[in-house]
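For reference, the structure is listed below as structure tokens.
The values are calculated or read from the model by the stated rules, or taken from the named source; none is laboratory data. This structure is a prediction, so every number in the text was calculated from the model and none was measured. Note that we place each Cβ from the backbone using ideal geometry, even for glycine, and neighbour counts take in every protein chain shown.
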Amino acid sequence: MAVSFNKPSLLRRIAPIFQGFDGPLLVAILLLAGIGLVTMYSVGFDHGTRFSDHSRNMLLAAGVMFLVAQVPPQRLMSLALPTYTVAVVLLLAVFLFGIERKGSQRWLDVGLVIQPSELMKIAMPLMLAWWFQRREGRLGALDFLVALLLLAVPVALILKQPDLGTTLLVVASGLFVIFFAGLSWKIIVPPVLLGVLGVVVLIAMEPSWCAPDVDWHILREYQRQRVCTLLDPFKDPLGRGFHIIQGMIAIGSGGIWGKGFMQGTQTHLEFIPERTTDFIFAAFSEEFGLVGVIGLMAAIVFLVMRGLVIALDAPTLFTRLLAGAVTLNIFVYAFVNMGMVSGILPVVGVPLPFVSYGGTAMITMGVGLGILMSVARSKRLMRS
């Protein structure tokens with residue numbers, strides 16, 4: 001007698017792939033992606049193919065996120081050292097053979113042009129989380145010094161390019177891991193206080209510090225100009241201060257409710273420079289006003305809070321450190337972008353997550369969110 005077996009439906013066969021995905025995190029991602037698409041359609045409709053390219057980049061990032069989410073944390077941990085090593089080697093190659101554009105040597109031609117510093121945004125938290133996992137239960141001062149050395153090597157190479165924005169993000173991603181690993185407040189507080197004191201002194205002595213004949217030594221000339229422009233953008237309103245001034249005008253002119261979708265005058269009369277990339281927050285604020293900004297910030301905070309919950313609930317030290325660093329790095333992206341457009345931070349070229357145009361940054365974001373999904377998924381599958 002023949003025995004027949006019912007073939008499971010396609011839905012039942014693919015269901016395990018989606019099992020365990022974190023619903024709240026996915027809702028936050030979709031909400032921010034929707035805001036990004038609406039904003040790009042408005043500010044980029046008369047700017048070539050920016051909207052269609054942005055949509056394509058989002059789809060690619062979503063695909064990357066989905067694939068990375070399938071990788072279990074144990075496998076991610078095994079990839080940490082190779083990924084970090086490859087990233088450092090590529091940064092060395094940039095230093096030796098890199099392509100120079102607009103005074104910066106950040107790119108490498110390997111058949112296609114890549115920017116290795118973007119890889120380090122993911123490789124750094126992976127590497128440090130791997131290191132502290134290996135040293136769990138016996139962490140000492142030497143272990144933290146090794147971690148700082150692992151952070152310092154790629155940071156020095158990226159600063160040499162120079163790329164201050166990416167340097168800031170790589171430093172942040174590394175320091176978050178070191179902080180979550182248990183670095184003492186006694187070590188953290190003194191340099192923070194010195195930094196605050198330095199900023200106060202810089203502001204108080206702004207006229208003398210920013211004199212043309214003063215050499216800051218540790219900063220390049222264009223970086224010095226950015227700091228001085230931040231302190232007083234109206235010294236050169238049609239030159240170096242133009243970006244910040246126009247951004248502040250656009251933000252202020254949006255008022256409570258904004259001028260409306262596709263109705264921003266500063267935006268569409270092209271007073272806002274880089275309106276689809278670094279300064280897209282100014283265009284968003286002009287068209288959607290304070291209400292829209294609060295909504296955007298609430299969506300970002302929701303994503304960050306959900307990411308921190310995933311980190312707190314993670315089963316191992318490696319996954320806790322990695323998820324926490326990835327989450328707070330997204331916060332740094334948003335904070336620095338909004339701060340530089342609003343005139344409270346220097347312009348350093350950091351994109352607004354999900355909203356700014358840029359394929360490489362979007363893919364990097366997809367990898368980071370995929371890591372969060374992987375950590376959340378592994379914990380949920382363990383419970384089921």
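List of remarks:
- Of everything in segment 322-346 that is out of contact with any Phe, Trp or Tyr (no Cβ under 9 Å at 6 or more places or on another chain) and assigned to a loop (DSSP other than H, G, I, E, B), the residue that is surrounded by the fewest Cβ atoms within 10 Å (Cβ to Cβ) is Ile344.
Yes/no matrix, rows are residues, columns are (1) among the hydroxyl-bearing types (Ser, Thr, Tyr); (2) closer than 27 Å to Ala311 by Cα; (3) touching a Pro at 6+ places or on another chain (Cβ under 6 Å); (4) part of a helix (DSSP H, G or I):
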{"residue": "Ala129", "(1), (2), (3), (4)": "no, yes, no, yes"}
{"residue": "Gly137", "(1), (2), (3), (4)": "no, yes, no, no"}
{"residue": "Leu145", "(1), (2), (3), (4)": "no, yes, no, yes"}
{"residue": "Val155", "(1), (2), (3), (4)": "no, yes, no, yes"}
{"residue": "Gln161", "(1), (2), (3), (4)": "no, no, no, no"}
{"residue": "Thr166", "(1), (2), (3), (4)": "yes, yes, no, yes"}
{"residue": "Val189", "(1), (2), (3), (4)": "no, yes, no, yes"}
{"residue": "Val192", "(1), (2), (3), (4)": "no, yes, no, yes"}
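- Inspection of segment 65-82 finds no residue satisfying the criterion of being surrounded by 12 or more Cβ atoms within 10 Å (Cβ to Cβ), in contact with a helix residue (DSSP H, G or I) (Cβ under 9 Å, 6 or more places away or on another chain) and over 24 Å from Phe318 (Cβ atoms).
Rundown of residues vs (1) under 23 Å from Gly349 (Cα atoms); (2) part of a loop (DSSP other than H, G, I, E, B); (3) touching a strand residue (DSSP E or B) at 6+ places or on another chain (Cβ under 6 Å), yes/no style:
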{"site": "Pro273", "(1), (2), (3)": "yes, yes, no"}
{"site": "Ala282", "(1), (2), (3)": "yes, no, no"}
{"site": "Glu287", "(1), (2), (3)": "yes, no, no"}
{"site": "Leu296", "(1), (2), (3)": "yes, no, no"}
{"site": "Val301", "(1), (2), (3)": "yes, no, no"}
{"site": "Arg320", "(1), (2), (3)": "no, no, no"}
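- Ile245 being among the β-branched types (Val, Ile, Thr) and either surrounded by 17 or more Cβ atoms within 10 Å (Cβ to Cβ) or out of contact with any helix residue (DSSP H, G or I) (no Cβ under 9 Å at 6 or more places or on another chain) (or both): yes
- Looking at Ala123, Ala87, Ala181, Ala147, just one residue is at pLDDT 85 or above, within 19 Å of Ile330 (Cβ to Cβ) and surrounded by 21 or more Cβ atoms within 10 Å (Cβ to Cβ), and that residue is Ala123.
- Restricting attention to segment 120-137, the residues being hydrophobic (A, V, I, L, M, F, W, C) and more than 17 Å from the chain's Cα centre (by Cα) number 6.
- The set of residues in segment 138-182 being closer than 21 Å to Gly368 by Cα and among the charged types (D, E, K, R) consists of Asp163 alone.
- Just so you know, in segment 110-120 the residues that are in contact with a helix residue (DSSP H, G or I) (Cβ under 8 Å, 6 or more places away or on another chain) and not in a helix (DSSP H, G or I) include one that is modelled with the highest pLDDT, and it is Gln115.
- Within segment 126-144, the set of residues being surrounded by fewer than 12 Cβ atoms within 10 Å (Cβ to Cβ) and small (Gly, Ala, Ser) comprises Gly137, Gly140, Ala141.
- With respect to the conditions (1) in a helix (DSSP H, G or I); (2) modelled with pLDDT of 90 or more, Ala361 lacks only one, and its number is (2).
- Segment 173-187: number of residues that are of a type in the set (Gly, Ala, Ser), in a helix (DSSP H, G or I) and within 14 Å of Val146 (Cα to Cα): 1
- Residue in segment 146-165 that is over 23 Å from the mean Cα position of the chain (by Cα) and within 25 Å of Ile187 (Cα to Cα) present: yes
- Condition met for Phe288 (buried (at least 21 other Cβ atoms within 10 Å of the Cβ), closer than 20 Å to Tyr41 by Cα, among the aromatic types (Phe, Trp, Tyr) and under 15 Å from the mean Cα position of the chain (by Cα)): no
- Selection from segment 96-109 of residues that are part of a helix (DSSP H, G or I) and surrounded by 15 or more Cβ atoms within 10 Å (Cβ to Cβ): none
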